[in-house]
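Asker: Take a look at the following structure, please.
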2 protein chains.
Amino acid sequence: MSHSTLAEIAKADFKPAAPLVDRELNPHALIAKYAVRGRIPTMAEQLKGTLQSDPDALPFDKIIAANIGNPQQLDQKPITFYRQVLALIEYPDLLKNENVTKIFPHDAIDRANEIMENLVSVGAYSHSKGVLYFRKTVARYIEDRDDHPADPDDIYLTAGASSAVNYLLSLLSNGPETGFLIPIPQYPLYTASLALNNATVLPYYLNEEEKWSISAADIQKVVAKAKEDGVKPRSIVLINPGNPTGSILTAEGIAEIINVAAEHGLVIIADEVYQENVYEGEFVSVKKVLRDLQKIDSVKYADVQLASLHSTSKGMIGECGQRGGYMELIGFQESVLAQILKLASISLCPPVVGQALVSLMVNPPHESHPSHGPFRSEKLGIFNALKERSHKLYLAFNKMEGISCQEPQGAMYCFPQLTLSEKAKAAAAEAGMAPDEFYCAKLLENTGICTVPGSGFGQVPGTWHLRTTFLAPGTEWIDDWAKFHEKFMKEYDN
Amino acid sequence: MSHSTLAEIAKADFKPAAPLVDRELNPHALIAKYAVRGRIPTMAEQLKGTLQSDPDALPFDKIIAANIGNPQQLDQKPITFYRQVLALIEYPDLLKNENVTKIFPHDAIDRANEIMENLVSVGAYSHSKGVLYFRKTVARYIEDRDDHPADPDDIYLTAGASSAVNYLLSLLSNGPETGFLIPIPQYPLYTASLALNNATVLPYYLNEEEKWSISAADIQKVVAKAKEDGVKPRSIVLINPGNPTGSILTAEGIAEIINVAAEHGLVIIADEVYQENVYEGEFVSVKKVLRDLQKIDSVKYADVQLASLHSTSKGMIGECGQRGGYMELIGFQESVLAQILKLASISLCPPVVGQALVSLMVNPPHESHPSHGPFRSEKLGIFNALKERSHKLYLAFNKMEGISCQEPQGAMYCFPQLTLSEKAKAAAAEAGMAPDEFYCAKLLENTGICTVPGSGFGQVPGTWHLRTTFLAPGTEWIDDWAKFHEKFMKEYDN
């Protein structure tokens with residue numbers, strides 16, 4: 001240890017080195033892309049700044065953040081019962097306060113007490129898989145949902161579904177010879193994480209004309225082609241209900257994909273975070289279909305490996321900022337599970353309040369209890385508004401010239417296709433943008449509506465789309481969009 | 001989409017593939033190690049299960065989890081003011097409730113109101129860098145601490161410090177030719193994350209005899225040797241106060257390391273999560289020393305790149321499960337910052353409640369407000385207990401035959417050196433363990449005290465250590481340890 005002063009130390013004679021520049025960084029990180037917070041959302045942030053300094057500077061008075069599924073940013077209210085219980089476990093001294101019953105309903109108090117009997121503190125690291133009590137409630141939920149047993153030991157609580165995706169893709173990636181079947185269009189977390197992990201994306205295209213459905217035959221072709229190219233298909237990602245497509249898979253559709261997975265040993269990553277956002281048809285989990293198939297043929301389906309993901313960020317709960325989620329792991333070898341647990345351990349544990357929220361999400365107030373009524377009506381209110389707006393937006397798109405949109409069955413998004421004129425494409429090229437990005441930029445500049453170009457999710461080459469949520473309250477913004485669109489089409493008429 | 005039934009689909013004729021085994025996984029993930037939740041803690045979990053089914057089965061009645069710095073698991077109480085504010089922002093309807101003033105002090109209510117004026121909801125995704133209001137409070141704290149300006153734009157809120165480490169190491173790693181100077185012993189997150197990122201660890205040894213100090217001359221040698229070997233040193237990690245060593249760096253010691261970093265363009269990663277756990281001497285931040293040096297020579301130190309990390313998990317706050325933290329980034333090029341922001345965006349945002357807790361940690365109740373008194377006495381109570389136990393444990397170790405321990409100046413750990421007999425080493429080899437692991441296993445089996453062998457942190461080859469926290473309440477366990485040690489030394493006397 002030195003006995004010199006700072007002034008003496010600063011006299012040392014050396015030539016300082018230049019700082020790092022981006023091209024010296026991890027090349028896999030450099031190529032990762034995440035459009036949901038990309039160029040258009042960045043433009044929106046700048047416009048927001050403009051509006052803050054001069055509210056009259058732009059042809060609109062606020063930014064509508066339709067780029068990201070973030071319900072509570074767009075005025076969706078949190079569900080009261082959940083927040084009551086979370087407040088009580090954040091400050092458990094309340095449970096002993098004589099005034100607590102004046103403020104909280106008794107079932108919220110009871111639930112908080114039950115949690116605190118099973119939890120040392122929300123401020124302590126939990127087990128890396130999460131608190132056992134919470135995992136038990138998740139297992140019960142899955143049993144009720146699927147009518148098949150679920151084991152708390154198979155449940156890993158996570159910081160949202162994103163963190164589960166990161167663990168899984170990191171662990172399953174073994175260089176560019178490992179391939180992951182990813183739907184196109186997809187949620188860009190998948191391609192970003194695979195870029196980071198230097199694995200190969202094997203795109204399988206969803207069939208837009210048939211409500212963005214999946215063809216098992218197409219998947220077989222992708223697998224065969226990958227093997228020809230020396231890439232070993234390792235995993236297939238299913239997003240159901242679809243993001244950004246809003247499509248929903250049938251049990252039979254899922255079963256055909258399980259056949260492909262069983263034949264080629266593909267780990268199925270079932271991103272089922274929108275399982276409560278179902279407006280048309282019915283959600284069936286991959287786990288349920290797998291267990292049904294195993295009942296029919298216990299040998300053939302014995303070794304199918306499935307990770308199914310859920311989250312507190314979507315559904316009617318919409319608690320993105322709390323970072324709650326879980327994955328259920330089925331069919332993995334112990335040696336693989338040990339590695340997954342190790343990766344989870346390195347991050348110590350998922351946020352404990354988020355864990356509690358997962359448990360609340362899967363275990364709502366009981367019908368006979370006072371919170372049930374308000375809970376039900378809050379949830380239904382959110383559901384009905386989402387369903388109504390999804391339908392209105394779908395109808396509005398299909399009335400706009402040059403836009404076609406599949407009816408959203410689930411999730412929070414429309415992914416309409418844009419047919420743009422040569423003149424619009426030329427203007428886009430001149431602006432240094434792809435045609436869909438150009439359209440999104442113009443939409444933003446004229447209406448304040450912030451969306452994400454289709455290129456951020458992937459699309460059949462030569463087609464152009466955009467993704468918009470239908471979370472923004474009211475329907476005026478839909479009218480504004482229609483007016484903008486008419487003007488745009490006129491301006492860029494060939 | 002298929003029109004067949006599941007039974008028909010299950011008739012498909014294919015040979016199912018075998019499931020994955022660990023050797024097919026990401027080889028970099030396979031070699032990553034994280035001993036803090038490794039073999040000994042896993043044994044402890046099993047023993048805990050044994051005690052649950054038969055409380056009399058073992059020579060102790062509970063497991064003392066001294067393997068991990070998890071204060072609230074060991075009965076440390078959360079600080080009331082923090083939890084009151086968190087409860088109010090989890091359930092902001094409380095702020096409008098007529099009974100709220102009967103339960104919460106007015107400064108907790110005021111603080112919660114102030115937060116809610118700057119936050120749409122703890123349930124909404126925030127900006128990827130975190131909520132601007134929270135980042136502003138962090139910047140103010142740093143200004144007060146260092147007596148130098150801090151910019152909220154330089155602050156990135158994170159899910160604990162671990163998540164900051166993961167971003168930084170992932171982005172800075174460019175294959176095995178990129179080297180990271182890591183102190184030995186170290187907190188194993190660093191080597192685990194570098195293993196995952198396939199970068200090269202350049203160990204620099206701390207000087208045990210001199211209170212685990214760092215020698216800048218040693219670091220120069222490590223840099224020179226790496227360059228000879230074709231490895232480009234990219235970054236140096238400083239852990240101050242030290243984990244697992246408990247040592248504290250002086251301003252001059254830091255300045256000499258900054259010289260090395262400036263000369264070789266090393267990014268300094270300053271892990272300063274124990275900055276409030278200081279029992280002897282004084283904590284000086286790397287940022288302060290860097291700014292002081294820049295005042296002396298603004299040219300030579302202009303391009304020093306520093307990431308300094310802090311967390312809500314340690315200190316007297318000890319809120320590990322809330323996953324709050326921040327990093328301050330200084331001196332990086334815009335092109336590099338853009339990449340860091342992109343990585344943060346892919347994970348969407350850090351837990352918002354954890355962000356709020358960071359803001360509370362750096363902005364305690366004002367002296368003139370009602371919460372100040374209780375806040376101060378709670379914090380002091382925790383601090384004094386830690387300081388007292390650290391000293392007792394240190395004294396106890398140095399009374400034990402064959403154990404020597406440096407006096408902990410800070411953090412939450414002792415890292416005593418074990419001198420073990422040949423007979424003990426032979427018994428360890430027979431049990432398939434390293435000598436330090438064997439000692440930790442015997443300690444656990446006999447007393448219930450769970451520690452981590454020195455090998456988990458790194459040590460000079462041929463020396464043996466262990467890490468223990470001094471968080472467990474009371475001092476009886478220290479007496480139990482001394483009794484066990486005497487027995488152990490007798491049993492394995494040569």
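The values are calculated or read from the model by the stated rules, or taken from the named source; none is laboratory data. From a predicted model like this one, the values you see are computed outputs, not experimental measurements. Because the Cβ atoms are built from the backbone with ideal geometry, glycine has one as well, and the counts that use them run over all protein chains shown. Protein only, heavy atoms only, side chains kept; ligands, DNA and RNA dropped before computing areas. Shrake-Rupley method; radii C 1.70, N 1.55, O 1.52, S 1.80 Å.
Asker: At what distance in nm do the modelled label points of B:ASP110 and A:SER377 sit from each other, each positioned 7 Å from its Cα along Cα→Cβ?
Answerer: Inter-label distance under the simple model: 3.7 nm.
Asker: Something else now. Let me confirm one metric for peptide A:351-358, namely the mean number of other chain beta-carbon atoms within 10 Å of its residues' beta-carbons.
Answerer: Going residue by residue through A:351-358 and averaging, the value is 5.
Asker: Mean separation of Cα pairs under 8 Å and 6+ residues apart, divided by the residue count of the range A:370-494: what relative contact order is that in percent?
Answerer: Value for the range A:370-494: 26 percent.
Asker: Using a 1.4 Å probe on protein heavy atoms, which residues of the range B:264-301 have at least 30 Å² less accessible area in the complex than alone?
Answerer: When all protein chains are present, B:ILE296, B:LYS300 each give up 30 Å² or more of accessible surface.
Asker: May I pose another question? Summing -39500 (n - 2.57) over the DSSP H runs of n ≥ 4 in chain B and dividing by its residue number, what mean residue ellipticity at 222 nm do you reach, to the nearest 500 deg cm²/dmol?
Answerer: So the helix-based figure for chain B works out to -13500 deg cm²/dmol.
Asker: Roughly how much of B:THR447 is accessible, in Å² to the nearest 10, using a 1.4 Å probe?
Answerer: Around 20 Å² of this residue is reachable by solvent.
Asker: Amide H to amide H, which residues 5 or more places from B:SER121 or on other chains are under 5 Å from it, using H placed in the peptide plane?
Answerer: none
Asker: Given the peptides B:322-331, A:41-50, A:13-22, arrange them by the average over their residues of other C-beta atoms within 10 Å, most packed first.
Answerer: Output ranking for B:322-331, A:41-50, A:13-22: B:322-331, A:41-50, A:13-22.
Asker: Let me ask another. Per residue, how large is the accessible surface of the range A:1-122? Use a 1.4 angstrom probe and give square angstrom. Numbers along the way, then the final one.
Answerer: Details: 6050 Å² over 122 residues.
Per-residue accessible area for the range A:1-122 comes out at 50 Å².
Asker: While we're on this one: How compact and how long is the range B:188-304, expressed as Rg and Dmax of its alpha-carbon atoms in Å?
Answerer: 14.4, 42
Asker: Give the accessible area for A:GLU422 in Å² (nearest 10); use a 1.4 Å probe, count only protein heavy atoms, and leave out ligands, DNA and RNA.
Answerer: Counting only protein heavy atoms, the figure is 120 Å².
Asker: Here are some pairs, A:LYS129/B:LYS33; B:LYS136/B:LYS342; A:LYS15/B:LYS129; A:LYS314/B:LYS77; A:LYS221/A:LYS295; A:LYS62/A:LYS211; which of them have Cα atoms lying more than 24 Å apart in this structure? The partial results should precede the final answer.
Answerer: Working: A:LYS129/B:LYS33 17 Å; B:LYS136/B:LYS342 21 Å; A:LYS15/B:LYS129 34 Å; A:LYS314/B:LYS77 33 Å; A:LYS221/A:LYS295 28 Å; A:LYS62/A:LYS211 33 Å.
With Cα atoms farther than 24 Å apart: A:LYS15/B:LYS129; A:LYS314/B:LYS77; A:LYS221/A:LYS295; A:LYS62/A:LYS211.
Asker: Return the equivalent ellipsoid semi-axes of the range B:118-361 as a descending list in whole Å, where each equals the square root of 5 times an eigenvalue of the C-alpha gyration tensor.
Answerer: Working through the eigenvalues yields semi-axes of 27, 20, 18 Å.
Asker: Continuing with this model, one more query. Give me, ordered by chain and number, the residues 5 or more places off B:LYS232 or on other chains with an amide H under 5 Å from its own placed amide H.
Answerer: For B:LYS232, whose amide H was placed from the backbone, the distant partners under 5 Å are B:THR178, B:GLY179.
Asker: If the chain between B:THR475 and B:LYS48 were fully stretched, how many nm would it gain, using 0.36 nm times the residue separation less the Cα-Cα distance?
Answerer: Contour length minus the Cα-Cα distance gives 151.6 nm.
Asker: Here's another thing I want to ask about it. Mind giving me the FRET efficiency for A:LYS423 and A:ALA224? R0 is 60 Å, r the Cβ-Cβ distance, nearest 0.05 is fine.
Answerer: The value I calculate is 0.90.
Asker: Largest first and to the nearest Å, give the Cα extent of the protein assembly as shown along each principal axis.
Answerer: 86, 67, 66
Asker: Per residue, how much accessible surface does the range A:124-361 expose to a 1.4 Å probe? Answer in Å², no decimals. Walk me through the numbers on the way to the answer.
Answerer: Numbers: 6430 Å² over 238 residues.
Here the per-residue accessible area is 27 Å².
Asker: Turning to a different aspect of this structure: Can you check what the Kirkwood hydrodynamic radius comes to for chain B, Cα pairs only, in Å to one decimal?
Answerer: Taking the inverse mean of 1/r over all distinct Cα pairs, chain B comes out at 24.6 Å.
Asker: Straight-line reach from A:LYS392: which aspartates and glutamates have a Cα under 18 Å away, not including same-chain ones fewer than 8 places off?
Answerer: Straight-distance partners of A:LYS392: A:GLU280, A:GLU401, A:GLU407, A:GLU476, A:ASP479, A:ASP480, A:GLU486.
Asker: I would also like to ask the following. Over the range A:124-361, with every protein chain in place, what whole percent of the accessible area is carbon and sulfur at 1.4 Å, could you tell me?
Answerer: So the carbon and sulfur contribution to the accessible surface is 49 percent.
Asker: Something else: Applying 1/(1 + (r/R0)^6) with R0 = 51 Å to the Cβ-Cβ distance of A:LYS33 and A:SER4, what FRET efficiency is obtained, to the nearest 0.05?
Answerer: Step by step, r from the Cβ atoms, then E = 0.55.
Asker: Report the equivalent ellipsoid semi-axes for the range A:105-225 in whole Å, largest first, defined as the square roots of five times the eigenvalues of the gyration tensor built from alpha carbon atoms.
Answerer: Rounded to whole Å, the semi-axes are 37, 19, 13.
Asker: What nm value, rounded to one decimal, do you get for the distance between A:VAL201 and A:LYS399 when each label is placed 7 Å out toward the C-beta?
Answerer: Between A:VAL201 and A:LYS399, the label points sit 3.6 nm apart.
Asker: Treating only the Cβ of Lys, Arg, Asp and Glu as charged (+1, +1, -1, -1), what charge dipole size does the protein assembly as shown show about its Cα centre? Round to the nearest 20 debye.
Answerer: Dipole about the Cα centre, nearest 20: 360 debye.
Asker: Further question: When the solvent-accessible surface of protein heavy atoms is calculated with a 1.4 angstrom probe, in what order do A:ARG145, B:ARG111 fall, highest first?
Answerer: Order by accessible area, largest first: A:ARG145, B:ARG111.
Asker: Compute the label zone of A:GLU334 within the range B:16-51: residues whose backbone N is under 15 Å from the point 7 Å along Cα-to-Cβ.
Answerer: Residues B:21-22, B:43, B:46 qualify, since their backbone N sits under 15 Å from the label point.
Asker: Let me ask something additional. Which value, in square angstrom to the nearest 100, describes the accessible area buried between chains A and B on both sides, using a 1.4 angstrom probe?
Answerer: In total, this chain pair buries about 9800 Å².
Asker: Now for a separate question. Farthest toward the dipole's positive end in chain A, which of A:ASN198, A:LEU181, A:GLN72, given Cβ charges of +1 (Lys, Arg) and -1 (Asp, Glu) about the Cα centre?
Answerer: The listed residue farthest towards the positive side: A:ASN198.
Asker: Right, next: How much of the DSSP bridge set in chain A is antiparallel, in percent, rounded to the nearest 5?
Answerer: Bridges in chain A are about 50 percent antiparallel.
Asker: Pop a pseudo-label 7 angstrom from the Cα along the beta-carbon direction at both A:LYS96 and A:GLU445 and give the gap in nm to one decimal.
Answerer: 6.3
Asker: So, one more: Antiparallel DSSP bridges in the range B:118-361: what percent, to the nearest 5?
Answerer: Counting DSSP beta bridges with both partners in the range B:118-361, the antiparallel share is about 35 percent.
Asker: Can you tell me, using C-alpha contacts under 8 Å and at least 6 residues apart, the relative contact order of the range A:124-361 as a whole percent?
Answerer: 26 percent.
Asker: Further question on the same structure: Which percent, nearest 5, of DSSP beta bridges in the protein assembly as shown are antiparallel?
Answerer: 50
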